[in-house]
Amino acid sequence: MVFLNLLTFGLWGKLGRLTHYAFDAVLFSAFLAGMKRSTGLTLKKDSLTENKEVSAWIEKYLNVGEWVLDQSVAVAGSSGWFERKRDP
């Protein structure tokens with residue numbers, strides 16, 4: 001195992017860590033999307049940066065969360081594990 005780790009320079013551990021961080025980032029983006037939908041509160045991108053490229057990157061990041069939320073709702077709605085209840 002040590003020999004394999006020497007050959008790959010420990011890339012498997014780094015890949016696992018990178019995957020974990022990416023999953024956490026998507027989960028946080030989905031959390032922000034849910035907060036936006038349920039309360040209307042959104043992230044003020046202008047207060048974070050004045051750079052247009054960074055602002056565009058933040059917008060793409062938040063859109064990933066919107067997409068993940070949409071897909072999660074679609075999957076949950078089509079499964080038998082959830083039911084839709086509306087408040088009167």
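FYI, it's all coordinate maths here, none of it is from the lab. Predicted, not measured: the structure shown is a model, and the values here were computed from it. Please note: Cβ atoms are built from the backbone with ideal geometry, for glycine as well, and neighbour counts cover all protein chains shown.
Determine if the stretch 53-61 includes at least one residue that is surrounded by 13 or more Cβ atoms within 10 Å (Cβ to Cβ), of a type in the set (A, V, I, L, M) and closer than 30 Å to ARG86 by Cβ.
no
For the stretch 43-55, how many residues are under 21 Å from TRP67 (Cα atoms), of a type in the set (A, V, I, L, M) and in a helix (DSSP H, G or I)?
Qualifying residue count, the stretch 43-55: 1.
Between a first residue in the stretch 21-35 that is closer than 14 Å to TRP67 by Cβ and a second residue that is outside any helix (DSSP H, G or I) and not polar (S, T, N, Q), which pairs have beta carbons less than 8 Å apart while being 6 or more apart in sequence or on different chains?
LEU32/LEU43
Scan the stretch 33-42 for residues that are assigned to a loop (DSSP other than H, G, I, E, B) and surrounded by 14 or more Cβ atoms within 10 Å (Cβ to Cβ) and jot them down. Full working, then the answer.
Taking the stretch 33-42 and keeping what is assigned to a loop (DSSP other than H, G, I, E, B), we get 40-42.
Once the filter is applied, which keeps residues that are assigned to a loop (DSSP other than H, G, I, E, B) and surrounded by 14 or more Cβ atoms within 10 Å (Cβ to Cβ), the stretch 33-42 yields nothing.
Being without any contact (Cβ under 8 Å) to a residue 24 or more places away in the chain, more than 21 Å from VAL26 (Cα to Cα) and part of a loop (DSSP other than H, G, I, E, B), is that true of even one residue in the stretch 73-80?
Checking the stretch 73-80: at least one residue is without any contact (Cβ under 8 Å) to a residue 24 or more places away in the chain, more than 21 Å from VAL26 (Cα to Cα) and part of a loop (DSSP other than H, G, I, E, B).
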